[in-house]
Amino acid sequence: MPKILVLFYSRSGHTAKLADSIADGARSERFAEVTVRRVDDLAPAGVIEAQPRWKESRERLAGAYQTLGSVTELADYDALILGTPTRYGIMSAELKNLLDQTGPLWAKGAFTDKVGAAFTTVQTPHGGHETTLWSIMTVMANLGMILVPPGYTDRIMYTGGGPYGASATTGTGGPTEADLAAARHQGVRVATVTGWISHAKSHHH
């Protein structure tokens, strides 16, 4: 039974919506065990409290999603699907901070041959969708993971998301239905490939 973690950082809730759709898609695959976790803010509580919209969204997200207990938990999963809003064309500091703590796990080969995929939200068109996805997948490649982007494996990827991972432009609102459908497809694809790899690993040739 392949274990899949959908892990995300979200400030407004837009990235959380993509995470939910990815998880829905992954859960549609037989035997897939899917967990969704949130990465917490790095900003001090006083900074968040001073901004009502941020405070409200943080309380809402904290009530809906558990945070990851420890970075060591990442090694418990067969696939990691990581998401973040774009920050100047790369992943958020919150997700980068977590990945920067994986050194001891990397040294033990804890991520070797596990599946990796990424998703993102961006406020403006052409604001860094692809570079953010690759900033995540570059780390995954260093960890020895098997990258499973959605590619154009379904027609929905031509109208929502993209070949490198699910994404959404959210400056004028949240993810569209096409964005969410692309995210669901990404979840299905990752779960399917993870199932193949897990099955192969269970058979000694």
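The values are calculated or read from the model by the stated rules, or taken from the named source; none is laboratory data. No experiment lies behind these values; they were computed from the predicted model shown. Note: ideal-geometry Cβ built from the backbone for every residue, glycine included; neighbour counts use all protein chains shown. Surface areas here come from the heavy atoms of the whole protein model, side chains and all, with no ligands, DNA or RNA. Shrake-Rupley method; radii C 1.70, N 1.55, O 1.52, S 1.80 Å.
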Could you state the principal axis extents of the C-alpha atoms in the chain, from the largest down, to the nearest angstrom?
59, 40, 28
Counting only heavy atoms of protein chains, what accessible area per residue, in Å², does the chain have with a probe of 1.4 Å?
49
At 222 nm, what value in deg cm²/dmol follows for the chain if DSSP H runs of at least 4 each add -39500 (n - 2.57) and the sum is divided by all its residues, to the nearest 500?
-12500 deg cm²/dmol
Inter-centroid distance (Cα atoms) of region 28-70 relative to region 113-171, Å
21
Given N residues in region 102-159, what is Rg(Cα) / (2.2 N^0.38 Å)?
1.34
For region 34-189, which whole percent of the accessible surface, found with a 1.4 angstrom probe, sits on carbon and sulfur atoms?
53
Once phi is turned into θ = phi - 60°, what whole-Hz ³J(HN,Hα) does the Karplus curve with 6.51, -1.76 and 1.60 give for every residue of region 159-169, x standing for Gly and Pro?
10, x, x, x, x, 8, x, 5, 7, 8, 9
How would you order 5-12, 196-203, 114-121 from highest to lowest mean count of nearby Cβ atoms within 10 Å?
114-121, 5-12, 196-203
Which percent of Cα pairs goes in each bin when the distances of region 38-134 are cut into 5 angstrom slices starting at zero?
2, 11, 17, 21, 21, 15, 8, 3, 1
So who's got an amide H within less than 5 Å of the one on Gly83, skipping anything under 5 residues away but keeping other chains? H placed 1.01 Å off N, in plane.
Leu7, Phe8, Tyr9, Phe119
For the chain, share of DSSP beta bridges that run antiparallel, in % to the nearest 5
5
Kirkwood-Stokes translational diffusion coefficient of region 18-91, alpha-carbon pairs, 37 °C, 0.692 mPa s, µm²/s
227
If only Cα atoms are counted, what is the Rg of region 108-205, and what is its Dmax, in Å?
14.8, 53
Can you run phi through the Karplus equation (6.51, -1.76, 1.60; θ = phi - 60°) for region 121-135 and list ³J(HN,Hα) in whole Hz, with x for Gly and Pro?
10, 9, 6, 10, x, 6, x, x, 3, 6, 5, 5, 4, 6, 5
Sorted by accessible area (1.4 Å probe), largest first, how do Val34, Val47 line up?
Val47, Val34
